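The structure appears right after this line, and notes come after that.
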Amino acid sequence: MIVPNDIYAWTSRLKEFEFEKLLTSSVLLEYNKGEAIIKQGSLASQIMFLEEGMAKLNLEEGRRDTTFSFAVRGDFIGLMCSFVKKRLEFSAIAITPSKVRVFDRDVFEKLIEENGNFAVYIVAMMSELTNGVVHSLISLSHKNANGALAMLLLNVVRLFGNNSLILPFTREEMAATLGYSKESIINTLSDFQKDGIITISGRNLEIVNKKALQLIAEKG
């Protein structure tokens, strides 16, 4: 089984036969744009790894559906929830065509049990993910259109690995993803451009001042 090596750096803690065992116990699933990868309320029973694409993580409370984070190529989805037999309190929706590798949890747990270096790495990764999610959830009530859009743009840059790119979605799709009006997204993009943070024409985007965008994502 052949997989992209550049996104599997975390497997360097595994011996070759352990890596093969993990891969042969996995399946690769494909999702269309807008398709649910995880449904809120479903049982946490698998280890999911995003091999291609981008997904938004949503929290539904009453009639409000809020995007609190994103996953891009090379990210685990819900890793910090995967080892407890509880229902997931969030959903994951593909916002570009995506491929997700689903690992057998029993095999994954066995490798953690038998390989100390791998276990330490996974614990550290889960701690980092949990810290990021907690930070996002705390800031949700304060997040405005500027902060939400900045967070989305930074994750698109992370997906493509380049500050200059072609956006994979329209203004309408960005608005639907973030829960704001199309006009708010257009106005915010215009403000970012006026402030010298980005340049944008159609779907062609360049991040000019990444530090400023990161600050907006954190504080906005």
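FYI, it's all coordinate maths here, none of it is from the lab. Owing to the predicted nature of the structure, the values given are computational and were not obtained by experimental measurement. Please note: Cβ atoms are built from the backbone with ideal geometry, for glycine as well, and neighbour counts cover all protein chains shown.
Decide, for segment 143-219, between rounded, prolate and oblate: order the square roots of the alpha carbon gyration tensor eigenvalues as a ≥ b ≥ c, take rounded if a/c falls under 1.5, and otherwise choose prolate if a/b is larger than b/c, else oblate. Display every interim value, and only then the final one.
Working: a/c = 1.32, a/b = 1.12, b/c = 1.18.
It is rounded, given that a/c, with a ≥ b ≥ c, falls under 1.5.
Take the alpha carbon atoms of segment 11-35, find their center, do the same for segment 92-132, and report the distance between the two centers in whole angstrom.
10 Å
Using a 7 Å offset from the Cα along the Cα-to-Cβ direction at both Thr130 and Phe83, what is the distance between the two label points in nm, to one decimal?
Modelled inter-label distance: 0.9 nm.
What FRET efficiency would be calculated for the residue pair Lys194, Ala9, taking the C-beta separation as r and a Förster radius of 30 Å, to the nearest 0.05?
On the way: r = 39 Å, r/R0 = 1.29.
With R0 = 30 Å, the Cβ-Cβ based efficiency is 0.20.
Work out the FRET efficiency for Val123 and Ile166 from their Cβ-Cβ distance, taking R0 = 45 Å, and round it to the nearest 0.05. Write down the numbers at each step before the final one.
Details: r = 38 Å, r/R0 = 0.83.
The calculated FRET efficiency here is 0.75.
Extent of the chain along each principal axis, from alpha carbon coordinates, in Å, largest to smallest?
Here the spans come out as 54, 38, 29 Å, largest first.
Given H placed on each backbone N at 1.01 Å, which residues far from Phe70 in sequence or on other chains put an amide H within less than 5 Å of it?
It is Leu57, by chain and number.
About the Cα centre of the chain, how large is the charge dipole given +1 on each Lys and Arg Cβ and -1 on each Asp and Glu Cβ? Please answer in debye to the nearest 20. Working shown, then result.
Values: 25 positive and 26 negative charges, 89 e Å.
The calculation lands at about 420 debye.
For every helix of n ≥ 4 consecutive DSSP H residues, a contribution of -39,500 (n - 2.57) applies; sum these over the chain, divide by its total residues, and give [θ] at 222 nm rounded to the nearest 500 deg cm²/dmol.
Numbers: 7 runs with 90 residues, N = 220.
That calculation yields -13000 deg cm²/dmol at 222 nm.
For the pair Asn204/Glu16, report the inter-label distance in nm, with labels modelled 7 Å from Cα in the Cβ direction.
Spacing of the two 7 Å Cα→Cβ label points: 4.7 nm.
From the residues Ile37, Thr170, Ile112, which one has its Cα farthest along the dipole of the chain in the positive direction, the dipole being from +1 and -1 charges on Cβ of Lys/Arg and Asp/Glu about the Cα centre?
Checked the options; the winner is Thr170.
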